[in-house]
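What follows is a set of notes on a single structure, which appears directly below.
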Amino acid sequence: MITFSDVTKQYPDGTMAVDKLNLSVPQGTLTVFVGPSGCGKTTSMRMINRMIEPTSGTLAVNGEDVTTVD
């Protein structure tokens, strides 16, 4: 399971890419992010594998915070 709990990503220039995202994706399901350009879809996906670090909140994969995993 992938769980976003109040995940926020704000860039140094003040741009808010993701604002307090709360989402649970159960294991074995297909999930699609749909929205207009610039709404945070790619940023949210990149935070899962730590290509981008979240500014705040908790992002967990199978119950383990991704910021604590190498």
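A 1.4 Å probe run over the protein chains yields, for the chain, 68 Å² of accessible area per residue, whole-number rounding. With the helix formula -39500 (n - 2.57) applied to DSSP H stretches of n ≥ 4, the chain reaches a computed 222 nm mean residue ellipticity of -3000 deg cm²/dmol. In this structure, the amide hydrogen of ILE52, modeled 1.01 Å from its nitrogen in the peptide plane, lies closer than 5 angstrom to those of MET47, counting only residues at least 5 positions away or on a different chain.
Keeping every protein chain in place, order VAL66, VAL61 by accessible area at 1.4 Å, biggest value first, i.e. largest first.
On the way: VAL66 10, VAL61 50 Å².
Output order, biggest surface exposure first: VAL61, VAL66.
Ranking GLU64, GLU53 by solvent-accessible area of protein heavy atoms (1.4 Å probe, all protein chains present), from largest to smallest, gives GLU64, GLU53.
So for SER44, SER5, what's the accessible-area order with a 1.4 Å probe, most first? Don't skip to the end; give the middle numbers.
On the way: SER44 5, SER5 50 Å².
Heavy-atom accessible area, descending, gives SER5, SER44.
Farthest toward the positive end of the dipole of the chain, out of GLY38, GLY57, LEU23, is the Cα of GLY38, where the dipole comes from beta carbon charges about the Cα centre. Available extension along the chain between VAL66 and MET16 is 15.9 nm, counting 0.36 nm per residue and deducting the alpha carbon span. Remark: the stretch 6-15, residue by residue, has Karplus-estimated 3J(HN,Hα) of 6, 6, 10, 10, 10, 7, x, 7, x, 5 Hz, where x stands for each Gly or Pro and the curve is 6.51 cos²θ - 1.76 cosθ + 1.60 at θ = phi - 60°. Cα extents for the chain along the principal axes, largest to smallest and rounded to whole angstrom: 35, 27, 18. Summary value for the chain: 40 percent relative contact order, contacts being C-alpha pairs under 8 angstrom separated by 6+ residues.
The values are calculated or read from the model by the stated rules, or taken from the named source; none is laboratory data. Since this is a predicted model, take the numbers as computed values, not measurements. Virtual Cβ from ideal backbone geometry, glycine too; neighbours counted across all protein chains shown. Note: areas computed on protein heavy atoms with side chains; ligands, DNA, RNA excluded. Shrake-Rupley method; radii C 1.70, N 1.55, O 1.52, S 1.80 Å.
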